[in-house]
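So the structure is just underneath, and the comments pick up after that.
FYI, it's all coordinate maths here, none of it is from the lab. Keep in mind it's a predicted model, so treat the numbers as computed, not measured. A quick note on method: Cβ atoms are made from the backbone with ideal geometry, for glycine too, and the neighbour counts reach across all protein chains shown.
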Amino acid sequence: MAKSNKKKSNRWKYFMADALDLPADVALNLPQINLLGDQRLLVENHKGIIEYSSKRVRLKVEKGLLWAEGENLVLRNLQDDEISIEGEIKQIGILMGKEDEV
């Protein structure tokens, strides 16, 4: 799909979500991220696991990448679009941009 068509499509989805009073994360398939202290990170609407070790987890999200770094990281609650990362989380980050750049 051409770049301008994607932008128009996203604007249309955002407009419809707003008009129908739907959450933007659902309508636009955006990641929803919940952090509980430094012990648990819950990510909804992820697109898959890119990397996993006890020190780093990287996830594909719509139009980007999400990562968590720390110690003794483990994956829990693995579902198609939801994942929980538990352990001593020291850093999280997200990079949104062109899918082919991440």
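Could you tell me which of P31, I92, V43 has its Cα farthest along the dipole of segment 31-101 towards the positive end, charges placed at Cβ (Lys, Arg +1; Asp, Glu -1), taken about the Cα centre?
After comparing all options, I get I92.
Compute, for segment 31-101, the length of the dipole vector about the Cα centre, with Cβ point charges of +1 (Lys, Arg) and -1 (Asp, Glu) only. Units Debye, rounded to 20.
Once rounded to the nearest 20, the dipole reads 120 debye.
For segment 31-101, just run the numbers: alpha carbon Rg, then divide by 2.2 N^0.38 Å, N being how many residues it has.
0.99
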